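Asks: So that we are looking at the same thing, I have put the structure below in C-alpha cells.
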Amino acid sequence: MHTKKITKTMSVCPHCDCVCSPVDHLFENKYGGDTSWYCDGCGGKYKIEYDSSKKCLISPLDEWKIDIAVVMKYQDIFVVVKGVAFAEGSRGNFDDSNFPYYYNEHTCPVNWMRVECLYDSKTENGDPHGLFEYVGYEVYPDGGQDCNFDWATLINRVNNNGD
Ligand SMILES: [Zn+2]
C-alpha cells in the first residue's frame, strides 16, 4: 500500500463561496476559453473565463437552477422525484407549464426512479411512460434528503392544491 496525492483545481461560486466544481478538464485543451456553470451548493450560474496558465476569471450570472420535488402518482401510490427548473432574474422566475408533459410523457420513469426496469406484464411494456401521473411540485425542501423528512405532508399539500 502507498498513498497518492491528487490535486484538483476547483472554482469558487461567486454567489455563495461554495467550492463545489472541479475545473481541471477546462485546461486540457490548453487554449483557454470560457464556459458557464451552475453551483451545486446554491444553484447560481456563473461564467468562467480561463487561459492556458490556469488563471480563471469567475463572474456571477443572474440565472439559477432550482431543485424541485415533483409528486407523481399511480392509483393510491405517490412517489416524489427530484427535478430541476431553470430561472433568470430571480429564483422564482421559472416556467412550470411544461412539467406535466415532461413528467407524464417525455421522460422515462426509470430515469427518475433509479431502478433497473419498470415492466407492465399486461401490455408487455418495458418502458411505461405515463405509468405515473404528474400531480404537481414544490421547491425541493431544505433537509429533504433526510429519511426523517415528512414527505407525506408535502405529498398531501401538493395533491390537494391540484397544481
Ligand atoms: Zn453557489
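Read-outs throughout are calculated quantities, based only on the coordinates presented, and are distinct from any laboratory measurement. Note that this is a predicted model, so its numbers are computed, not measured. In this analysis, Cβ positions are derived from the backbone assuming ideal geometry, glycine residues included, and neighbour counts consider all displayed protein chains.
Asks: Return a whole-number percent for the relative contact order of region 10-61, with Cα pairs under 8 Å and 6 or more residues apart as the contact set.
Replies: Worked out over region 10-61, it gives 33 percent.
Asks: Ok, one more. Where a ≥ b ≥ c are the square roots of the eigenvalues of the C-alpha gyration tensor, would you call region 5-140 rounded, which needs a/c under 1.5, or, failing that, prolate if a/b is larger than b/c, or oblate?
Replies: It is prolate, given that a/c is not under 1.5 and a/b is the larger ratio.
Asks: Measure off 7 Å from each Cα along the Cα-to-Cβ vector at Phe149 and Tyr101, then give the distance between these two points in nanometres to one decimal.
Replies: For the pair Phe149/Tyr101, the computed spacing is 2.8 nm.
Asks: Show the residues, 5+ positions off or on another chain, whose built amide H is closer than 5 Å to the amide H of Cys18.
Replies: Cys13
Asks: Further, regarding this structure: Helix 151-161 versus the longest principal axis of the chain: what is the Cα-based angle in degrees, 0 to 90, to the nearest 10?
Replies: In the chain, helix 151-161 runs at an angle near 70 degrees to the longest axis.
Asks: Here is a further query. Using a 7 Å offset from Cα along Cα-Cβ at Met113, what residues in region 41-82 end up with backbone N under 16 Å from the label point?
Replies: 70-82
Asks: Where does the charge balance sit around Gly43 when Lys and Arg score +1, Asp and Glu -1, over other residues with C-beta under 11 Å from its C-beta?
Replies: That works out to 0.
Asks: Something else now. Using a/c under 1.5 as the rounded threshold, could you call region 11-65 rounded, prolate or oblate? The axes a ≥ b ≥ c are square roots of the C-alpha gyration tensor eigenvalues, and prolate needs a/b larger than b/c, oblate otherwise.
Replies: Taking the square roots of the gyration eigenvalues as a ≥ b ≥ c, region 11-65 is prolate.
Asks: Need the list of lysines near Lys65 for cross-linking: C-alpha distance under 24 angstrom, and skip anything on the same chain fewer than eight residues off.
Replies: Within reach: Lys45, Lys47, Lys82.
Asks: Which net charge results for the neighbourhood of Phe86, defined as the other residues with beta-carbon distances under 14 angstrom from its beta-carbon, given Lys and Arg at +1 and Asp and Glu at -1?
Replies: -3
Asks: Next question, about the same structure. For the pair Ile58/Met10, report the inter-label distance in nm, with labels modelled 7 Å from Cα in the Cβ direction.
Replies: Taking the simple label geometry, Ile58 and Met10 are separated by 0.9 nm.
Asks: Roughly how far apart, in whole Å, are the Cα centres of region 81-139 and region 31-76?
Replies: 22
Asks: Output the peptides 36-42, 56-62 sorted from most to least packed, where packing is the average of other Cβ atoms within 10 Å over each peptide's residues.
Replies: 36-42, 56-62
Asks: If we count GluC sites (Glu not before Pro) as exposed when they sit in a DSSP loop and have at most 10 other beta carbons within 10 Å, what is the longest stretch of the chain that avoids them all?
Replies: Answer from the scan: 29-115.
Asks: Sticking with this structure for a sec: Using 0.36 nm per residue of separation minus the Cα-Cα distance, give me the extension gain between His25 and Asn161 in nm, one decimal.
Replies: Length gained, His25 through Asn161: 44.5 nm.
Asks: Which value at 222 nm does the chain reach when only helices count, each DSSP H run of 4 or more adding -39,500 (n - 2.57), with the total divided by all residues and rounded to the nearest 500 deg cm²/dmol?
Replies: -2500 deg cm²/dmol
Asks: Considering the chain as a Gaussian network with a 10 Å cut-off on Cα pairs, which listed residue, Tyr134, Tyr46, Tyr101, attains the greatest mean-square fluctuation?
Replies: Tyr101
Asks: Right, something else. Please identify the trypsin sites (Lys or Arg not before Pro) of region 61-163 that satisfy two criteria: DSSP loop assignment and at most 10 other Cβ atoms within 10 Å. Which are they?
Replies: Sites meeting the loop and neighbour criteria: Arg114, Lys122.
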